Amino acid sequence: MKAIIFIYILVMQQISFIEKVTNDFRSNSMFLLLNVESKSYSGPVIIENDDLYLFYAITKKFTKEDYKAYIKSILKDKKVLKLSNLDLKKWGFQKFHQDKRINCPKKLGIDTFIKLYFNNKKVLKDDISENQKNIIIEKLFMNQISCFIDDETGYLVIK
């Protein structure tokens, strides 16, 4: 019985996290982590929720409700997003490759991971490359921690 309750709590946390990140339509909205497959690239990408919505609104004529239903199923079921031959960067998709210098939160624990890369105000520390920033976003997303680029400062911030 305890195992069933534990699994239920985990599933509900995942659903609430997905709900939170897919309901953010501000400019500089929260980041999503997706696996994509296109003619030029297959692998993980990060993208801001509002950029992904704009992509689907323009290319597929999705309403916000269509988009939310579609992308929630992609995230929940960890499906691969199949894209045609398009310019990923133009639409805001950001590719990245793993870097041994970014420590794994599973080894450190997520709290230590955050302390290592963020200051006390939950702002990303300086001297981190774009690729490293994208890996950090990936690790946060995998641990159901949302983040976004602050409009005023341009820094990555944990929500």
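The values are calculated or read from the model by the stated rules, or taken from the named source; none is laboratory data. Only a predicted model underlies this, so the values are computations on that prediction, with no experimental measurement involved. Note that each Cβ is placed from the backbone with ideal geometry, even for glycine, and that neighbours are counted across all protein chains shown. Please note that ligands, DNA and RNA were not included when accessible areas were found on the heavy atoms of the full protein model with its side chains. Shrake-Rupley method; radii C 1.70, N 1.55, O 1.52, S 1.80 Å.
Taking every residue in segment 96-117 that is surrounded by 13 or more Cβ atoms within 10 Å (Cβ to Cβ) and pairing it with any residue that is in a helix (DSSP H, G or I) and at pLDDT below 90, at least 6 positions away or on another chain, the pairs with Cβ-Cβ distances below 8 Å are Phe113/Pro105; Leu116/Leu108. Confirm whether Val123 is open to solvent by less than 40 Å² (accessible area, probe 1.4 Å) and under 17 Å from Phe17 (Cα atoms). No; evaluated as a whole, the condition is false for this residue. For segment 126-158, the candidate set comprises residues that are charged (D, E, K, R) and open to solvent by less than 50 Å² (accessible area, probe 1.4 Å); within that set, the residue that is farthest from the chain's Cα centre (by Cα) is Asp150. Within segment 97-127, the set of residues being outside any helix (DSSP H, G or I), modelled with pLDDT of 95 or more and either touching a strand residue (DSSP E or B) at 6+ places or on another chain (Cβ under 9 Å) or within 30 Å of Lys60 (Cβ to Cβ) (or both) comprises Phe118, Lys122, Val123, Leu124, Lys125.
Between Val45, Val36, Val21, the distinction of being in contact with a Ser or Thr (Cβ under 6 Å, 6 or more places away or on another chain) and either of a type in the set (D, E, K, R) or under 22 Å from Ile149 (Cβ atoms) (or both) belongs to Val21 only.
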